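The values are calculated or read from the model by the stated rules, or taken from the named source; none is laboratory data. Keep in mind the model is a prediction, meaning the values are calculated, not measured. We place every Cβ from the backbone using ideal geometry, glycine too, and count neighbours over all the protein chains shown.
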Amino acid sequence: MPLPYVLLSAAVSLDGYLDDTGPERLLLSGPADFERVDEVRAGVDAILVGAGTIRADDPRLLVRSAERRAARVARGWAEYPLKVTVSGSGELDPGAAFWHTGGEKVLLTTDAGAARARALGIGAEVVALGDAIEWRAALEHLHDRRGVRRLMVEGGGTVHTQLLRQGLADELQLVLAPLLVGDPGAPRLFGPGGYQRGRLRLVETRRIEDVVLTRYLPTAPGTDGEVSAADRHWLALACELAELCPPSGTAFSVGAVVVAADGTELARGHSREGGDAVVHAEEAALAKIDPADPRLAAATVYSSLEPCARRASRPAPCARLILDAGVRRVVTAWREPDTFVTDADGSGLLRAAGTEVLVLPAYEARAKAPNRHLLG
């Protein structure tokens, strides 16, 4: 199911704390970074914090700039992003400023929590998600029922930890403040547990007064039938590579990336790469990898179009090349139409051989874009 783009936003001390244990909120950044955060808020559909953050800090989560709010309205958006919180118990203060400032609010909770929240008179749409809150279901609700495409998560540490551990965070924006807390009782950004494999990819560093902003993207593919945030990033890259293909009236433009289980990119390719008029994207990418590379067995192939099951230009179709390489996971955006091959079913061939195939229809339009001239 499609999910919002989930952006985790936090400021921490040099030793990884979100706050100290004093009665007042520890300010980790300054006016220039607050202005940056306001700009990020103005560009999202919704802002989410956990119930613990409301109890501890009672944030308003507003877009403070009148110019930015006016720009949102001019684009046809609500003046303020939707405000969202998550609470299993539903036990929240109905007088908190969170409920009485800004625009619309949503409380995602359990069936029991919904009954408590309604009895308390919480000023929000109360959404019951069952006996327990499952993050993927919560995100699907925000995407499908509330139209949230871009979600900013501002805390607290438990929420950040859960989303990152479950592979649901698309981006981490982390501000590092030049101070030390050193209090073991203070809240930390991330708790212990099993996180995503591999290294995050650093995409930006920026000095803002005396703090440093760093932006990271996850890289590790999903496992056990789940789609991770990294899967979406890599498939988007495959769609971008398809745009590089020399145009053709007799073949699709396709991009492909091969990624190891730890998030290391092994190779990329695109149709008709290097002047070869008949090379396919997956074929071009796999040809750049040593067939003896042990990482292939746990790798994922991302292809903007379903790997072909039959072709006239070469002896082996791409689905067969993938199987012969030992790859047993494929993520694609678009099933092959009958434009050139009737009843094409590369996914069926792969699945019959034990390969996991995931199709993400949210990327189909991007995969089709360089092939418009072939689709009528």
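Name the one entry in 366, 372, 351 that is touching a strand residue (DSSP E or B) at 6+ places or on another chain (Cβ under 7 Å) and not hydrophobic (A, V, I, L, M, F, W, C).
351
Looking at 91, 125 in this structure, which one is of a type in the set (Asp, Glu) and closer than 18 Å to residue 47 by Cα?
125
So residue 152 fits all but one of (1) buried (at least 19 other Cβ atoms within 10 Å of the Cβ); (2) among the aliphatic types (A, V, I, L, M); (3) free of Cβ contacts under 8 Å to residues at least 40 places away in the same chain; what number is the exception?
Here residue 152 clears every test but (3).
This table checks each residue for (1) outside the structural domain of residue 207 (by TED's automatic domain parsing); (2) over 30 Å from residue 226 (Cα atoms); (3) in contact (Cβ under 8 Å) with a residue 24 or more places away in the chain.
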{"residue": "10", "(1), (2), (3)": "no, no, yes"}
{"residue": "25", "(1), (2), (3)": "no, yes, yes"}
{"residue": "54", "(1), (2), (3)": "no, yes, yes"}
{"residue": "81", "(1), (2), (3)": "no, no, yes"}
{"residue": "110", "(1), (2), (3)": "no, no, no"}
{"residue": "113", "(1), (2), (3)": "no, no, yes"}
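Tell me, which strands (runs of 3 or more DSSP E) lie completely within segment 141-223 with 1 or more residues that are more than 12 Å from the chain's Cα centre (by Cα) and not β-branched (Val, Ile, Thr)?
Output list reads 171-176, 201-208, 211-217.
Of the residues that sit in segment 64-106 and are touching a strand residue (DSSP E or B) at 6+ places or on another chain (Cβ under 7 Å) and of a type in the set (Ser, Thr, Tyr), which one is farthest from residue 150 (Cα to Cα)?
87
Tell me which of these residue 133 doesn't satisfy, since it passes every other one: (1) part of a helix (DSSP H, G or I); (2) surrounded by fewer than 21 Cβ atoms within 10 Å (Cβ to Cβ); (3) not hydroxyl-bearing (Ser, Thr, Tyr).
Every listed condition holds for residue 133 apart from (1).
Mind checking whether some residue in segment 329-339 is of a type outside the set (D, E, K, R) and over 20 Å from residue 242 (Cβ atoms)?
No, segment 329-339 has no match at all.
Which residue out of 44, 73 is on the phi < 0 side of the Ramachandran plot and touching a Lys or Arg at 6+ places or on another chain (Cβ under 8 Å)?
44
Consider residue 235 carefully, then state whether it is among the hydrophobic types (A, V, I, L, M, F, W, C), in a loop (DSSP other than H, G, I, E, B) and either within 15 Å of residue 368 (Cα to Cα) or not assigned by TED's automatic domain parsing to the domain that holds residue 325 (or both).
Considered against the rule, which asks whether it is among the hydrophobic types (A, V, I, L, M, F, W, C), in a loop (DSSP other than H, G, I, E, B) and either within 15 Å of residue 368 (Cα to Cα) or not assigned by TED's automatic domain parsing to the domain that holds residue 325 (or both), residue 235 comes out as no.
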